[in-house]
């Protein structure tokens, strides 16, 4: 009879374990949809097509005269090649008609936008390959899905501090707060 009492006490933890496992699984499945909204870029831009033409990141993503990073190319830069449709991709026609000819800036969604309290200089990192920190976009025929955090407004794809810290540590660069933060 003693055995039945011991076994009966064991069943009290089972509902807790089942509930805990169910909550963890539900969190993995449901949480991303609750906190992130999926968005698509306004133009279906193909980095792959441009890379196949022999272009590299720096052909479009350049530094300003003061050494700061210009980021997304301007319409003027795109219009150097795309003032008219030159290919057969329907996305190019969308760009030319909606943005290129009208002078309206393309409202690109920025995957790697840094928070305001981060001081980051691409110029200080120009010895690195772009793909050391950024995904290799040269293989992408379509832009990846953009996941925007509904609370912060930042992209899920924005680099995290631990990634910068790891690279600094591996390369003997200071990880003191003031090096990267205001």
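The values are calculated or read from the model by the stated rules, or taken from the named source; none is laboratory data. Values in this document were obtained by computation on a predicted structure and should not be read as measured data. Cβ sites come from the backbone with ideal geometry, for glycine too, and all protein chains shown count toward neighbours.
Some points to look at:
- Unique match (being assigned to a helix (DSSP H, G or I) and not assigned by TED's automatic domain parsing to the domain that holds residue 161) among 77, 48: 77
- Residue 85 being surrounded by 15 or more Cβ atoms within 10 Å (Cβ to Cβ), part of a loop (DSSP other than H, G, I, E, B) and without any contact (Cβ under 8 Å) to a residue 12 or more places away in the chain: yes
- Given (1) under 23 Å from residue 163 (Cα atoms); (2) at pLDDT 90 or above; (3) in a loop (DSSP other than H, G, I, E, B), index of the condition residue 148 fails: (3)
- Unique match (being under 30 Å from residue 167 (Cα atoms), surrounded by 13 or more Cβ atoms within 10 Å (Cβ to Cβ) and outside the structural domain of residue 178 (by TED's automatic domain parsing)) among 95, 69, 99, 113: 69
- Residue in region 35-56 that is at pLDDT below 90 and exposed (fewer than 14 other Cβ atoms within 10 Å of the Cβ) present: no
- The lone criterion from (1) at pLDDT 85 or above; (2) surrounded by fewer than 11 Cβ atoms within 10 Å (Cβ to Cβ); (3) over 30 Å from residue 119 (Cβ atoms) left unmet by residue 14 is number (1).
- Only one of the listed residues (163, 148, 157) is without any contact (Cβ under 8 Å) to a residue 40 or more places away in the chain and over 21 Å from residue 68 (Cα atoms). That residue is 163.
- Count of region 151-163 residues which are loosely packed, with under 10 Cβ neighbours inside 10 Å and part of a loop (DSSP other than H, G, I, E, B): 3
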